[in-house]
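Asks: Have a look at this one.
The values are calculated or read from the model by the stated rules, or taken from the named source; none is laboratory data. Everything numeric here is computed off the predicted structure, so don't read it as measured data. Note that we place each Cβ from the backbone using ideal geometry, even for glycine, and neighbour counts take in every protein chain shown. Side chains included, ligands, DNA and RNA excluded: accessible areas come from the protein's heavy atoms. Shrake-Rupley method; radii C 1.70, N 1.55, O 1.52, S 1.80 Å.
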Amino acid sequence: MKIAFVGKGGSGKTTLSSLFIRHLAATGAPVVAVDADINQHLGAALGLEEDLAAELPAMGDRLPLIKDYLRGSNPRIASAETMIKTTPPGEGSRLLRVAENNPLYDACARRVELDGGAVRLMVTGPFTDADLGVACYHSKTGAVELYLNHLVDSRDEYVVVDMTAGSDSFASGMFTRFDITFLVAEPTRKGVSVYRQYKEYARDFGVVLRVVGNKVQGQDDLDFLRAEVGDDLLVTVGHSDWVRAMEKGRPPRFELLEDVNRRALRTLQVAADATYELRDWERYTQQMAHFHLKNAASWGNERTGADLAAQVDPGFVLGEGVTASV
């Protein structure tokens, strides 16, 4: 299952995504955690010391390796240089599984031990001073989009992506790559404005969007969120002494998380698992092609000097029964 956490900056989405990752790991499920936010804090939220988090291999710095591995023997992709962030898989492409070992994970993922289990963590890499004025952050998140485009995931295994804040996710087709998107919203006008924007953008693409109310302190906050987001409100989270301790670098054992918050995390998992029955791999593959053709026409063809529309394999449909190239 592919799960995104989105929301405005400061909404608490990284904290909530890290709690959800810990919860899934504690169940024994295979989990890949991906930090795709411009502010790279997921590693620290999962308990890594700052120096270790800073040493995580950046996916954005390993794009040539990622592209070369994923294109495999696909005859429609002449070289890694002609792959862009939206290039879809086709016959001959190498596909990825959540729990397997492969060169992409060797280069880009690191195992993070949690008190309830362990996860693979991948990060896009920070936006550095060298990038200012010459690059956009989507050049880094493109590595995540390629990963998701080539991923064949199954029931009871999870990829959790902490997305960049606000509506930046809509700069590519990555917002359509998830079984469910949890939008973390505070009970404020600014908090729900991101929800309205996200829902409007995602309306025509079959995106399953549920709201997680954060920093909810009483009935008035709850009533506000219910009035603003209606049935999209899935669950709310309030103050947590466990989270406060975690933010100070001294998290207790995860099993000591407050019962009300443990129940909230189980609610998120139940909602995510329920979307498995809604999967439509044909639509998923068509959406890849749709955004690839848009990007090819707007900038990709000119930048690569190739007709990137020819990379779309019309007979290929991604799915759990598809065999990857070796």
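Asks: If you scan the stretch 140-196, which residues turn out to be open to solvent by less than 10 Å² (accessible area, probe 1.4 Å), farther than 27 Å from ILE77 by Cβ and of a type in the set (Lys, Arg)?
Replies: Within the stretch 140-196, no residue meets the criteria.
Asks: For the structure I just gave you, tell me whether ARG203 is free of Cβ contacts under 8 Å to residues at least 24 places away in the same chain, open to solvent by 10 Å² or more (accessible area, probe 1.4 Å) and not small (Gly, Ala, Ser).
Replies: Here the answer is yes, as ARG203 does meet what is asked.
Asks: Does the stretch 146-199 hold any residues that are within 18 Å of LEU268 (Cα to Cα) and in a helix (DSSP H, G or I), and which are they?
Replies: Once the filter is applied, which keeps residues that are within 18 Å of LEU268 (Cα to Cα) and in a helix (DSSP H, G or I), the stretch 146-199 yields only TYR195.
Asks: Also, quick follow-up: Going by the conditions given, is ASP35 farther than 20 Å from SER154 by Cα and touching an Asp or Glu at 6+ places or on another chain (Cβ under 7 Å)?
Replies: So ASP35 fits the description; yes.
Asks: Looking for something part of a loop (DSSP other than H, G, I, E, B) and of a type in the set (D, E, K, R) - is there at least one such residue anywhere in the stretch 285-302?
Replies: Within the stretch 285-302, none of the residues are part of a loop (DSSP other than H, G, I, E, B) and of a type in the set (D, E, K, R).
Asks: Determine whether the stretch 224-231 contains at least one residue that is assigned to a helix (DSSP H, G or I) and within 30 Å of VAL144 (Cα to Cα).
Replies: Yes, some residue in the stretch 224-231 is assigned to a helix (DSSP H, G or I) and within 30 Å of VAL144 (Cα to Cα).
Asks: Another one. When the residues of the stretch 212-260 are filtered to those that are among the aromatic types (Phe, Trp, Tyr) and under 16 Å from LEU16 (Cα atoms), which remaining residue is surrounded by the most Cβ atoms within 10 Å (Cβ to Cβ)?
Replies: Ranking the candidates gives PHE254 first.
Asks: Shifting gears a bit: For the stretch 293-326, how many residues meet the condition of being β-branched (Val, Ile, Thr) and over 30 Å from TYR276 (Cβ atoms)?
Replies: Going through the stretch 293-326, the residues β-branched (Val, Ile, Thr) turn out to be 304, 312, 317, 322-323, 326.
Next, only the ones that are over 30 Å from TYR276 (Cβ atoms) stay: 304.
The qualifying residues number 1.
Asks: Let me ask something else about it. Of the residues ALA264, ALA309, which single one is of a type in the set (A, V, I, L, M, F, W, C) and open to solvent by 40 Å² or more (accessible area, probe 1.4 Å)?
Replies: Criteria check complete, one pass: ALA309.
Asks: Could you tell me which numbered condition PHE127 fails, if it satisfies all but one of (1) open to solvent by 20 Å² or more (accessible area, probe 1.4 Å); (2) part of a loop (DSSP other than H, G, I, E, B); (3) at pLDDT 95 or above?
Replies: (3)
Asks: Considering only the stretch 81-114, state which residues are over 19 Å from VAL317 (Cβ atoms) and more than 23 Å from the chain's Cα centre (by Cα). Spell out how you get there, then give the answer.
Replies: First pass over the stretch 81-114, keeping only residues over 19 Å from VAL317 (Cβ atoms): 81-85, 98-114.
Answer for the stretch 81-114, where residues must be over 19 Å from VAL317 (Cβ atoms) and more than 23 Å from the chain's Cα centre (by Cα): GLU81, THR82.
Asks: Looking at THR14 and the list (1) out of contact with any His (no Cβ under 7 Å at 6 or more places or on another chain); (2) closer than 30 Å to ARG250 by Cα, which single condition is not satisfied?
Replies: (1)
Asks: Residue check, LEU234 against (1) closer than 30 Å to ARG189 by Cα; (2) part of a helix (DSSP H, G or I), all met but one. Which one?
Replies: (2)
Asks: Still on this structure, please answer the following. Restricting attention to the stretch 274-293, does a residue exist that is out of contact with any Asp or Glu (no Cβ under 9 Å at 6 or more places or on another chain) and over 26 Å from PHE205 (Cβ atoms)?
Replies: Among the residues of the stretch 274-293, not one is out of contact with any Asp or Glu (no Cβ under 9 Å at 6 or more places or on another chain) and over 26 Å from PHE205 (Cβ atoms), which makes the answer no.
Asks: Restricted to the stretch 92-114, and to residues that are outside any loop (DSSP other than H, G, I, E, B) and without any contact (Cβ under 8 Å) to a residue 24 or more places away in the chain, which residue is surrounded by the most Cβ atoms within 10 Å (Cβ to Cβ)?
Replies: TYR105
Asks: Among all residue pairs at least 6 apart or on different chains, which show Cβ distances below 7 Å where the first residue, located in the stretch 258-276, is in a helix (DSSP H, G or I) and the second is open to solvent by 30 Å² or more (accessible area, probe 1.4 Å) and not small (Gly, Ala, Ser)?
Replies: Listed pairs, sorted by first residue: THR267/LEU234; ALA271/ARG210; ALA271/LEU234; THR275/VAL208; TYR276/ARG155.
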